[in-house]
Amino acid sequence: MQQHLAKLKADGAVITFVPTLGALHAGHLSLIKRAQKLGSIVVCSIFVNPTQFNDPKDLEMYPRPIADDIQKLKQVNCDVLFNPGVNEMYADNEKWHLDIGGLEGLLEGKFRPGHYQGVTQVVHKLFDIVKPDIALFGQKDYQQFLVISRMVSLLNLPVKLVMCPIEREADGLAMSSRNIHLSPADRKHALILSKTLNKIKHEFNPDNISQLKQQAEAVISNEPGVELAYFEIADGDTLHPADKNTKSFVALVAAKVGKTRLIDNVIIND
């Protein structure tokens with residue numbers, strides 16, 4: 001991988017990189033299409049990274065349709081696929097800890113302890129292997145983008161990060177590799193997440209944040225088959241709860257729909 005890319009770089013290529021866990025959908029492919037506009041060689045990695053799963057069952061159930069993924073990458077003319085095995089990415093007894101500050105214990109970090117250590121560990125490895133000029137991530141994992149930005153800044157890594165908008169199904173559901181686990185009834189109930197986020201965006205008033213948050217929590221909690229983990233209207237830079245003096249706002253939600261955990265968000269203003 002490194003030899004192949006070093007040769008291309010010596011010839012003046014601008015390397016763009018889209019790291020994924022596979023089970024690719026139109027959201028991932030939109031990142032690759034954007035990457036093609038920003039550079040000359042697009043690398044996509046597919047690696048289901050064990051260190052970012054704090055639930056062994058979730059890791060085991062994570063879809064891995066590699067033949068289907070390769071087909072999709074060919075269809076959009078992705079240049080390079082990096083698809084390593086776990087023993088290629090990790091040695092035994094590896095230690096990793098990066099102090100990413102308050103972001104680690106908020107929202108997803110609070111519900112999935114250790115998750116962002118696993119994310120920074122693997123993304124750092126991937127950046128070290130691919131040495132991209134530009135790396136692209138989806139807005140759906142908004143907190144992940146902030147965490148990776150923090151890592152890049154702390155370690156002074158020479159890569160530009162780009163966050164790309166959420167791709168949605170026609171009915172508004174955020175595209176996710178986990179959506180395949182939703183039953184038809186779950187699928188219908190899951191729409192309450194994007195509907196509520198959009199309502200908050202359209203009715204947003206910085207003087208009314210706690211009331212809007214309570215209303216959103218009530219609406220989602222009352223939807224059959226949906227178990228709310230959190231709904232937060234947060235500062236877009238820190239993810240601390242927003243107040244009327246906040247400059248940029250984002251609304252974020254996580255919920256279990258049936259047996260499937262989904263996340264979504266909407267940028268209210270930036």
Cα-based Rg and Dmax for the chain, in Å, come out at 18.8, 58
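Can you work out D for segment 44-157 in µm² s⁻¹ from Stokes-Einstein, where Rh is the Kirkwood radius over C-alpha pairs, the temperature is 4 °C and the viscosity is 1.567 mPa s?
Diffusion coefficient, whole number: 84 µm²/s.
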Which of the lysines could be linked to residue 95 by a straight reach, that is with a Cα gap under 16 Å, when you skip same-chain ones fewer than 8 residues away? 125
Ranked 153, 176, 30, 40, criterion: other C-beta atoms within 10 Å, fewest first: 153, 40, 30, 176
Cross-link reach list, aspartates and glutamates versus residue 7, counting only Cα pairs under 17 Å and skipping chain neighbours closer than eight places: 79, 128, 133
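What area, in nm² and to one decimal, does the C-alpha convex hull of segment 1-101 cast on average over all directions?
Numbers: hull surface 33.9 nm².
For segment 1-101, averaging the hull's shadow over all directions gives 8.5 nm².
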Show which lysines lie in cross-link reach of residue 195 when reach means a straight Cα distance below 28 angstrom and same-chain residues fewer than eight apart are skipped. 33, 110, 140, 213, 244, 247, 256, 259
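Please compute the contact order of segment 177-269 in relative form: average sequence separation of alpha-carbon pairs under 8 Å and at least six residues apart, divided by the residue count, as a percent.
Numbers: 149 pairs, mean separation 29.2, N = 93.
Relative CO of segment 177-269 lands at 31 percent.
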Fewest to most neighbouring Cβ within 10 Å: what's the order for 44, 78? 78, 44
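Take the Cβ-Cβ distance between residue 57 and residue 110 as r, set R0 to 25 Å, and report the resulting FRET efficiency rounded to the nearest 0.05.
Working: r = 20 Å, r/R0 = 0.79.
Calculated value: 0.80.
Magnitude of the Cβ-charge dipole of the chain, K/R +1 and D/E -1, about the Cα centre, nearest 20 debye? Don't skip to the answer; put the middle values down first.
Working: 30 positive and 31 negative charges, 104 e Å.
In debye, rounded to 20, the chain gives about 500.
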Can you give the relative contact order of the chain as a percent, counting alpha carbon pairs under 8 Å and 6+ residues apart? 17 percent
Just round it to a whole percent: the fraction of Cα-Cα distances in segment 177-269 exceeding 20 Å. 33 percent
Cα-based Rg then Dmax for segment 181-224, in Å, read 12.1, 39
Find which of 106, 130, 234 sits farthest along the positive direction of the dipole of the chain, computed with +1 on the beta-carbon of Lys and Arg, -1 on that of Asp and Glu, about the Cα centre. 130
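A short reminder: the numbers here are calculations on the coordinates, not readings from a lab. Model, not experiment: these values are computed from the prediction. Note: ideal-geometry Cβ built from the backbone for every residue, glycine included; neighbour counts use all protein chains shown.
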